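Notes follow the structure.
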C-alpha cells in the first residue's frame, strides 16, 4: 500500500504541479513576451511534451486509487466522505483532460500546422479555461486529501 500511495501522490504532483506551472508562470510570460505565432507554437510543443506525462499520471492515479480504495477500505461503499470526494473530483478532472486532449488540443495542433493563428488563439483560449478549471479542482482535491480526515463522516 505504501508504494501505491507514493505513486498516487507523485502522479498528482506531476499533473497538478504541471498545470500550476503552465497556468500561473508560463502562460503570463508567454502572453506578454511572444507574438501569436511563437506563443501558439510554444504551447503546442509544451502540451505535446506534457500530455504524455498526464496520461501516465492519470493511469497511475486511477490504478493506485482504486487499489487503495478496494484493499484499504473494502470499496467505495465503506470509504469516508473525503475519499469519495477525491474520487469524484479526480474523475471530473480526468474527463476534462480527455476532452482537452482529444478536442481543443488537436484543433490547436492543426491550426498551428496551418499557420491559422486566429483559430489557434481560440483553441488555446478554450484549453486555458479548461486547464484553469482543472487546476482549481486539483488544488481542491489536494486540500481534501490533506485535511479530509477531519471532515465529519
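Could I have the simple spin-label model distance between residue 149 and residue 66, label points 7 Å from Cα toward Cβ, reported in nm to one decimal?
About 2.6 nm separates the two model spin labels.
Which angle between 0 and 90 degrees, to the nearest 10, do you get for helix 117-147 versus the longest principal axis of the chain when only C-alpha atoms count?
20 degrees
What is the distance, in nm, between label points placed 7 Å from the Cα along the Cα-to-Cβ direction at residue 20 and at residue 80?
Those two pseudo-labels are separated by 2.3 nm.
Using Cα pairs under 8 angstrom and six or more residues apart, how large is the relative contact order of the chain, in percent? Intermediate results must be reported in sequence, preceding the final value.
Working: 117 pairs, mean separation 51.2, N = 153.
Answer for the chain is 33 percent.
Which angle from 0 to 90°, rounded to the nearest 10, does the C-alpha axis of helix 2-21 make with the longest principal axis of the chain?
30 degrees
In bins 10 Å wide, starting from 0, what share of all Cα pairs of the chain does each bin hold, as a percent?
Pair shares across the bins are 11, 38, 28, 15, 7, 1.
Counting helices only, and only those DSSP H runs with n ≥ 4, report the 222 nm mean residue ellipticity of the chain as the sum of -39,500 (n - 2.57) divided by its residues, in deg cm²/dmol to the nearest 500.
Working: 6 runs with 128 residues, N = 153.
Helix contribution divided over all residues of the chain: -29000 deg cm²/dmol.
Bear in mind these aren't lab numbers, they're just calculated from the coordinates by the rules spelled out. In this text the structure is predicted, and so the values were computed from the model without any measurement. In this analysis, Cβ positions are derived from the backbone assuming ideal geometry, glycine residues included, and neighbour counts consider all displayed protein chains.
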